[in-house]
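Okay, so here's the structure we're looking at.
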Amino acid sequence: MNKISVEKLQKIKYLSRRGFSKRTICRDLKISKNTAIKYLGVDPSYKKSPTKFQISYTKQTGEIMGIFAGDGSQYFYPKNYQYTINVHVGKVNNDYLLYVKQLFEKHFQRKFHISEDAHTFRVRTYSKALFEYFSHFLDYDSTSKHSTVKLKIMDVSKSFKRGFVKGLFDTDGSILYKKKENRIRISFNTTSEGLARQVKTILVDFGYSYSYYSQQHKKWKKRYCFQLHQESVTRFLKDIRPFKAERLGW
């Protein structure tokens with residue numbers, strides 16, 4: 001095995017601390033799998049992964065379901081019998097990328113890795129049990145997930161719903177400070193009509209006022225759009241505590 005430079009070793013350790021998988025590290029740094037294992041060791045989390053996950057309707061579970069409803073995906077590869085779970089995060093959102101990775105690792109007590117493609121990072125793991133876990137909470141057509149996803153049941157705790165709204169608005173929502181108007185604008189868009197109906201119900205239950213409309217474009221799927229009224233913005237930020245609001249000092 002050829003020796004590697006100190007600079008490359010530092011890059012290996014840096015990418016590993018960031019959560020990048022060995023496969024990604026090997027590809028980007030052009031090193032062999034054996035070299036990566038030599039300097040990083042074998043990850044024991046694969047041997048200790050649970051075969052079942054507890055079903056609970058906590059705020060943290062709700063947030064994870066909201067994140068997955070917004071930016072998650074699942075794939076089964078029959079060739080190698082591999083169940084893959086991903087959360088896709090834009091490359092400009094490095095802080096949220098690490099937040100999602102740590103949140104999922106804490107909740108599921110297993111290792112998640114970061115990989116990347118041309119436009120996004122992916123927080124990823126492999127598990128049949130986890131693959132099936134999401135189906136207890138979410139219902140969607142696997143061929144058109146974003147336009148069909150919704151909660152399986154709405155009779156859940158308020159804390160779960162708060163977490164769910166947080167995950168949705170952090171992925172498919174927008175929280176922006178409008179300097180000219182000196183106000184914060186909060187909005188959310190989805191192509192799932194079923195999810196839109198559920199979001200309307202939750203916002204009404206929590207007493208938030210909002211505007212709602214749909215947009216149709218010949219090149220895009222129909223979008224269902226929400227914008228919170230200004231009188232609900234401050235209470236929403238205090239109650240839901242979205243990650244995006246931290247950038248505005250909340």
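The values are calculated or read from the model by the stated rules, or taken from the named source; none is laboratory data. Remember, predicted model here, so these are calculated numbers, not experimental data. Glycine gets a Cβ as well: all are built from the backbone with ideal geometry, and neighbour counts include every protein chain shown.
Quick notes
- Among residues of the stretch 112-170, those that are in contact with an Asp or Glu (Cβ under 6 Å, 6 or more places away or on another chain) and of a type in the set (S, T, N, Q), counted: 1
- Residue list for the stretch 150-181, filter: in contact (Cβ under 8 Å) with a residue 24 or more places away in the chain, outside any helix (DSSP H, G or I) and more than 26 Å from ASN94 (Cα to Cα): LYS150, LEU151, MET154, VAL156, SER157
- Residue within the stretch 121-130 that is among the small types (Gly, Ala, Ser) and crowded, with 16+ Cβ neighbours inside 10 Å present: yes
- Scanning the stretch 226-250 for residues that are hydrophobic (A, V, I, L, M, F, W, C) and loosely packed, with under 13 Cβ neighbours inside 10 Å yields a total of 1.
- If the condition is being surrounded by fewer than 17 Cβ atoms within 10 Å (Cβ to Cβ) and either closer than 20 Å to ASP28 by Cβ or aliphatic (A, V, I, L, M) (or both), then the stretch 94-114 contributes ASN94, LEU98.
- Residues located in the stretch 107-120, provided they are within 26 Å of LYS150 (Cβ to Cβ) and not in a loop (DSSP other than H, G, I, E, B): HIS107, PHE108, THR120
- Reported count of residues in the stretch 199-225, each being surrounded by 12 or more Cβ atoms within 10 Å (Cβ to Cβ), hydrophobic (A, V, I, L, M, F, W, C) and part of a strand (DSSP E or B), is 1.
- Cross-chain or 6+ apart pairs with Cβ under 9 Å, the stretch 96-118 first and more than 23 Å from ALA245 (Cα to Cα), then of a type in the set (Asp, Glu): LYS111/ASP43; LYS111/GLU105; PHE112/GLU105; HIS113/ASP43; GLU116/ASP28
- Residue within the stretch 52-61 that is charged (D, E, K, R), at pLDDT 75 or above, closer than 30 Å to LEU168 by Cα and within 20 Å of the chain's Cα centre (by Cα) present: yes
- Single residue of the stretch 170-198 satisfying the filter (buried (at least 21 other Cβ atoms within 10 Å of the Cβ) and under 12 Å from GLN227 (Cβ atoms)) that is nearest to the chain's Cα centre (by Cα): GLY173
- Of the numbered criteria (1) over 23 Å from PHE236 (Cα atoms); (2) at pLDDT 95 or above, the one ALA129 fails is (2).
- Counted residues, the stretch 210-245 - those being on the phi < 0 side of the Ramachandran plot, touching a helix residue (DSSP H, G or I) at 6+ places or on another chain (Cβ under 8 Å) and among the charged types (D, E, K, R): 4
- Qualifying residue in the stretch 109-128 (condition: touching a His at 6+ places or on another chain (Cβ under 8 Å), outside the structural domain of VAL199 (by TED's automatic domain parsing) and among the hydroxyl-bearing types (Ser, Thr, Tyr)): yes
- A single member of PHE164, PHE206 is under 18 Å from the mean Cα position of the chain (by Cα) and either at pLDDT 95 or above or not basic (Lys, Arg) (or both), and it is PHE164.
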